[in-house]
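*Asks:* Take a look at this one; I'll ask things after.
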Amino acid sequence: MARWDKYWDDDAYVARNWTEPDPDIMRLTPVMQGHQVRRVLDLGCGAGRHLFYLSQHPFDVHGLDISTAGVERCRKALERSQRSATVQVADMHNIPYPEGYFDWVLSVQVIYHTTAATLKQVIQHIRGKLRPGGFFYVTFPPVDNIGPESGKEIEPRTYLTEEDGEPLLHHYVTADEIDELMGGFTLVEKRLDPRETRDQAGNVTRRFRWNVLGQRLP
Ligand SMILES: C[S@@+](CC[C@H](N)C(=O)[O-])C[C@H]1O[C@@H](n2cnc3c(N)ncnc32)[C@H](O)[C@@H]1O
């Protein structure tokens, strides 16, 4: 995906928002260790902020991303810091691991760049890659974030914009929709929390995000 390749090749872009692990991943790491989690997949690992953090803990860490530049960046940084994780270019619609392989899949700000139907399919695909009792941490944008900059609504709550000539979809979710999307999981956490992002000029924007932790039912 050209857009993400361009971003992950840009050191200043990465430094702005994508080096510190998300507070939830840091909070959940000891919780997951308490559940004897071993195999972890960072789905849409980007520039690798969670891969580096997780590889400092006793996990077997895997990452995948559709962006070649992101995966290259992760590999180089892991090598430089002598940390171990398996990283590859792959699409979230076709996760190249056996069924039931992972104890924990995390996907931070990735899977909602699609339509509602595809989002539902991807979540069930991820579910299949988890062992029964395994955990899925995922984030979604809430409907309250829909604004004039969201673009054109092409179906309920799915918006299309163009960035650098490339189409970009966002599916925004309601609280009830999360329950429906996460079919086959027990919802352990479903929180609407603020997150800050920094633009090129250093301005900080505060927006809310759904942070969800599900546990795979048998
Ligand atoms: C907003 S970034 C988040 C990166 C990372 N999860 C983080 O929190 O630092 C979104 C990432 O999703 C990846 N992505 C988008 N569509 C994807 C797909 N179909 N399969 C795998 N990765 C995808 C992009 O390449 C990009 O690296």
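*Asks:* Specify the residue that is nearest to Ile178 (Cα to Cα); the eligible residues are those in segment 104-122 that are away from the ligand (no atom under 11 Å from the Cβ) and crowded, with 22+ Cβ neighbours inside 10 Å.
*Replies:* Per the criteria, the residue is Val105.
*Asks:* Another question, then. As an exercise: evaluate Val40 against (1) in a loop (DSSP other than H, G, I, E, B); (2) of a type outside the set (Gly, Ala, Ser); (3) surrounded by 23 or more Cβ atoms within 10 Å (Cβ to Cβ) and give the number of the one condition it does not meet.
*Replies:* Every condition holds for Val40 apart from (1).
*Asks:* Search segment 55-79 for residues that are closer than 18 Å to Tyr97 by Cβ and pair each with any residue that is polar (S, T, N, Q) and within 12 Å of the ligand (Cβ to nearest atom) when their beta-carbon atoms are under 7 Å apart and the residues are at least 6 apart or on different chains.
*Replies:* Pairs that qualify, where the first residue is closer than 18 Å to Tyr97 by Cβ and the partner is polar (S, T, N, Q) and within 12 Å of the ligand (Cβ to nearest atom), are Leu64/Gln88; Val71/Gln88.
*Asks:* Lys76 versus (1) in a helix (DSSP H, G or I); (2) in contact with a strand residue (DSSP E or B) (Cβ under 8 Å, 6 or more places away or on another chain); (3) more than 10 Å from the ligand (Cβ to nearest atom): which is the lone unmet condition?
*Replies:* (2)
*Asks:* What number goes with the only condition from (1) touching a Cys at 6+ places or on another chain (Cβ under 7 Å); (2) not in a strand (DSSP E or B) that Val87 does not pass?
*Replies:* Failing condition for Val87: (2).
*Asks:* Looking only at segment 139-147, decide whether some residue is surrounded by 15 or more Cβ atoms within 10 Å (Cβ to Cβ) and either without any contact (Cβ under 8 Å) to a residue 12 or more places away in the chain or closer than 20 Å to Val37 by Cβ (or both).
*Replies:* Yes.
*Asks:* Find the residue count for segment 22-37, including only residues that are free of Cβ contacts under 8 Å to residues at least 60 places away in the same chain and buried (at least 17 other Cβ atoms within 10 Å of the Cβ).
*Replies:* The total comes to 1.
*Asks:* Something else now. With the condition kept exactly as written, say whether any residue in segment 178-201 is among the hydroxyl-bearing types (Ser, Thr, Tyr), at pLDDT 95 or above and over 14 Å from the mean Cα position of the chain (by Cα).
*Replies:* Looking for residues that are among the hydroxyl-bearing types (Ser, Thr, Tyr), at pLDDT 95 or above and over 14 Å from the mean Cα position of the chain (by Cα), one finds at least one in segment 178-201, hence yes.
*Asks:* Any chance segment 137-147 includes a residue that's among the charged types (D, E, K, R) and either at pLDDT below 95 or touching a Cys at 6+ places or on another chain (Cβ under 9 Å) (or both)?
*Replies:* Checking segment 137-147: not a single residue is among the charged types (D, E, K, R) and either at pLDDT below 95 or touching a Cys at 6+ places or on another chain (Cβ under 9 Å) (or both).
*Asks:* Please go through (1) more than 16 Å from the ligand (Cβ to nearest atom); (2) acidic (Asp, Glu); (3) within 20 Å of Arg207 (Cβ to Cβ) for Asp176 and return the number of the only condition it doesn't satisfy.
*Replies:* So Asp176 meets the others, but not (3).
*Asks:* Which of the numbered conditions does Ile123 fail, given that it passes all the others? Conditions: (1) in a strand (DSSP E or B); (2) among the β-branched types (Val, Ile, Thr); (3) over 24 Å from Thr197 (Cβ atoms).
*Replies:* Only one criterion in (1) in a strand (DSSP E or B); (2) among the β-branched types (Val, Ile, Thr); (3) over 24 Å from Thr197 (Cβ atoms) is unmet by Ile123, namely (1).
*Asks:* Can you pull out the residues in segment 90-110 that are outside any strand (DSSP E or B), more than 11 Å from Asp65 (Cα to Cα) and charged (D, E, K, R)?
*Replies:* If the condition is that a residue be outside any strand (DSSP E or B), more than 11 Å from Asp65 (Cα to Cα) and charged (D, E, K, R), then Glu99 is the only one that fits.
*Asks:* Among the candidates His62, His57, His113, single out the residue that is closer than 19 Å to Gln33 by Cα and assigned to a loop (DSSP other than H, G, I, E, B).
*Replies:* Every option except His57 fails the conditions.
The values are calculated or read from the model by the stated rules, or taken from the named source; none is laboratory data. Quantities reported herein were computed from a predicted structural model and do not represent experimental measurements. Here Cβ is always computed from backbone atoms with ideal geometry, including for glycine, and neighbour counts include all displayed protein chains.
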